[in-house]
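As structure tokens, the structure follows; a few thoughts come after it.
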Amino acid sequence: MGTVQLLPGAGQALGPLMRNLARASSAPELDSWCTPSLRDGLLPVAGIGKVLATVVTSSPFVAAMGDRPDILVNPSQILLWACGAEGHFEFFSPSWIAFTGRDFASELGQGWLERVLEEDRPLLCSDLLDALHRKSAWRGKFRLLHRDGDYRWLSMEAMARYEADGHFAGFIGYCVDISQHEAAHAEPELSTSHITGLLKQTDLLALMIDSSGMIVFTNELISGLLGKSAERLLNTSFFDHFGSDRVRSETLFSSDGRASDFPAEFETPLVGSGQSLILWHSMAQKDYAGRLAYVVLVGEDVTAQRTEEAKLNLTSKVFESSNLAMAITDAKGSILSVNGAFTQLTGYSQEEARGQNPRILQSGRHGPEFYKAMWHSVATRDHWHGDIWDRRKDGTIYPKFLSINAIRDHEGRVTNYSSIFSDITERKAIEEKLSSLAHLDALTELPNRTLLRQRLSDAIATVAGSKDQVAVLYIDLDRFKQVNDTLGHQAGDQVLLEVTRRLKAGIRASDTVARVGGDEFIVLLPRVSEVEIVARVASKIVEALKRPIALEQGEALCTPSIGISLFPDHGQDIDALIHCADQAMYKIKTTTRCGFHFYGQAEEDA
């Protein structure tokens with residue numbers, strides 16, 4: 001059997017580690033076969049695989065992984081470590097050293113913390129100290145600097161180890177690189193298929209670009225306009241087809257070439273078409289961390305509109321032949337003339353509109369500040385355009401795109417105002433649907449993580465400084481994975497829908513139920529005066545969800561494991577509260593299941 005030379009000092013640390021592994025993982029053979037070689041700083045090659053295989057298949061670690069098969073990895077990707085009862089790290093596996101690219105001595109003690117991302121370090125240290133105090137298993141998540149210079153997300157799992165006399169000796173544990181798992185969750189929480197399906201149905205120009213301006217989707221109208229198939233347009237730059245270098249560098253993108261705060265509206269020329277102009281309305285899609293992921297662009301060919309705006313005058317031929325609604329007023333704002341499209345859209349005839357002020361069209365949805373800003377733009381720039389809600393003669397309210405221009409005589413005095421507008425009901429409907437998709441879970445129609453964070457932030461701000469508290473209940477469904485594996489995903493979806501119905505039935509109208517993962521939900525109680533109220537709500541949820549769920553194939557039993565955190569007792573911000581609730585949920589899930597546990601609650605009270 002071959003051997004490998006361990007790093008300096010690793011043999012001394014790995015011997016006790018193996019003995020603790022043997023006791024913790026019910027594999028006493030580890031103690032006997034590895035000890036002699038370790039005295040010489042050597043470990044059998046076969047032994048490495050056996051150590052890793054034993055660790056990841058030991059019952060405490062399998063229980064810790066729970067229903068998270070998406071981050072299981074090969075043993076060679078597991079970073080082993082051990083620390084003493086005081087929290088000083090005394091062993092790192094060769095896989096850890098290969099990951100960081102540092103020598104063994106630099107990682108010992110607290111040296112490894114130098115590689116942890118600074119913003120993750122306080123919470124990680126706090127969790128470690130708390131676990132050392134409680135002498136119980138724990139898990140955490142943080143970012144560690146990889147040897148390639150990038151920070152990687154690691155999931156850290158630990159179990160307590162003891163000396164032969166029963167005294168607590170610290171922890172033995174492992175880390176797993178979950179960067180791909182975290183990246184998947186950091187994507188926008190709205191399904192791309194839902195967005196593309198919606199954009200395919202519209203009669204408007206529609207496409208999607210990523211934060212670097214590369215096209216990731218186009219509808220048929222875009223393909224027809226450019227004379228290229230959707231396949232040929234994918235992964236090409238938006239600005240190869242629309243726009244100019246000035247637009248690219250000054251309007252849409254920051255100096256590093258990546259969009260940060262995408263404008264809601266902008267115009268671009270159609271490359272190679274001469275004077276064609278496209279007005280784009282953008283809807284930026286961000287992930288739950290607030291980073292721009294991609295942008296949905298809905299466009300209109302406004303070439304004709306811009307041409308008409310430039311040439312608009314009182315000539316009846318131009319005025320009446322346009323299919324865009326038009327109105328001319330005098331310098332005081334009294335309507336002088338309207339065209340046929342105006343009458344068709346608003347319901348007011350030429351005779352009814354003449355002499356009236358355009359205020360007859362106001363819907364009441366915009367306040368004085370809106371109109372003040374509009375007319376300030378007209379007064380200072382001779383122009384304003386934007387979306388506005390107006391009212392027809394029959395009282396119906398509708399959205400329109402309005403452009404107002406001041407007309408001046410040769411001495412620069414305003415003589416008239418012209419307005420051109422069109423109905424944008426379809427575009428507004430798309431924007432509203434996109435907004436709904438961006439904040440609601442596609443299956444259950446519950447708030448997703450993005451909307452939950454907004455509501456939790458509002459709740460914290462509301463109760464801050466008062467005696468009331470905010471409660472976060474993190475719910476994980478026990479045995480849900482078994483339902484998916486044995487009965488199929490359709491049955492799993494039925495379970496999630498029924499769980500959603502029961503959760504909503506058991507809370508107040510002011511509370512929030514959100515779906516934050518495959519089988520994970522969070523109930524937000526935005527204002528509670530007593531902890532007993534939270535306990536009663538949790539008990540009610542347990543009773544509601546422990547009843548079997550009827551399915552076509554039989555019944556499913558997915559009991560809830562609930563972790564609870566409170567503001568301000570357990571955290572001062574959103575991430576801390578969700579993290580503490582998750583830790584509390586992990587505690588109940590790895591012990592009794594089907595119950596609830598408050599973060600920080602003593603073991604005997606669990």
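The stretch between residue 200 and residue 482 holds 97.9 nm of extra length on full extension. This uses 0.36 nm per residue minus the Cα-Cα distance.
Order these peptides, 200-207, 551-558, 217-224, by their mean beta-carbon neighbour count within 10 angstrom, highest first. Intermediate results must be reported in sequence, preceding the final value.
Details: 200-207: 16.9, 551-558: 14.8, 217-224: 18.8.
Answer by packing, highest mean first, reads 217-224, 200-207, 551-558.
Would you please give the FRET efficiency between residue 344 and residue 527, computed as 1/(1 + (r/R0)^6) with r the Cβ-Cβ distance and R0 = 56 Å, to the nearest 0.05? Present the calculation step by step, with values, prior to reporting the outcome.
Details: r = 51 Å, r/R0 = 0.91.
Given R0 = 56 Å and the Cβ-Cβ separation, E is 0.65.
Order these peptides, 480-486, 506-512, 156-162, by their mean beta-carbon neighbour count within 10 angstrom, highest first.
Working: 480-486: 16.4, 506-512: 14.0, 156-162: 21.0.
Result, highest mean first: 156-162, 480-486, 506-512.
Which FRET efficiency value, to the nearest 0.05, do you get for residue 264 and residue 165 by plugging their Cβ-Cβ distance into 1/(1 + (r/R0)^6) with R0 = 51 Å? After rounding to 0.05, the efficiency reads 0.15. Taking 0.36 nm per residue of separation and subtracting the Cα-Cα distance, full extension of the segment from residue 240 to residue 362 would add 39.8 nm.
Rounded to the nearest Hz, the phi-derived 3J(HN,Hα) couplings of region 152-169 under the Karplus curve 6.51 cos²θ - 1.76 cosθ + 1.60 (θ = phi - 60°) are 10, 6, 10, 9, 10, 10, 9, 9, 6, 10, 10, 6, 4, 8, x, 6, 4, 10, where x marks glycine and proline.
As an exercise, identify the GluC sites (Glu not before Pro) in region 415-499 lying in DSSP coil whose Cβ has no more than 13 other Cβ atoms within 10 Å. Write out the running numbers ahead of the final one.
Details: sites: 426, 431, 432, 445, 498; in loops: 445.
Within region 415-499, the qualifying GluC sites (Glu not before Pro) (loop, at most 13 other Cβ atoms within 10 Å) are 445.
Length available on full extension from residue 414 to residue 429: 0.36 nm per residue minus the Cα-Cα distance, which gives 1.7 nm. Selection among 386, 376, 363 by position relative to the dipole of region 351-412 gives 363 as farthest towards the positive end (Cβ unit charges, Cα centre). Listed cross-link partners 200/400; 467/546; 481/589; 141/589; 546/587 are compared with a 24 Å cut-off, the Cα-Cα value being larger for 467/546. Spin-label model, residue 383/residue 113: points 7 Å from Cα along the beta carbon direction are separated by 5.9 nm.
For residue 133 and residue 539, a Förster radius of 30 Å and the Cβ-Cβ distance give a FRET efficiency of 0.55, rounded to the nearest 0.05.
If packing is taken as the average count of other Cβ atoms within 10 Å, what order do 123-132, 169-178 fall into, highest mean first?
Values: 123-132: 16.6, 169-178: 22.6.
Highest-to-lowest ranking by the protection proxy: 169-178, 123-132.
Laboratory data are not the source of any read-out in this text; all were calculated from the coordinates shown. Quick caveat, the model's predicted, so the values are computed rather than measured. Every residue, glycine as well, gets a Cβ built from its backbone with ideal geometry; the counts of neighbours run over all protein chains shown.
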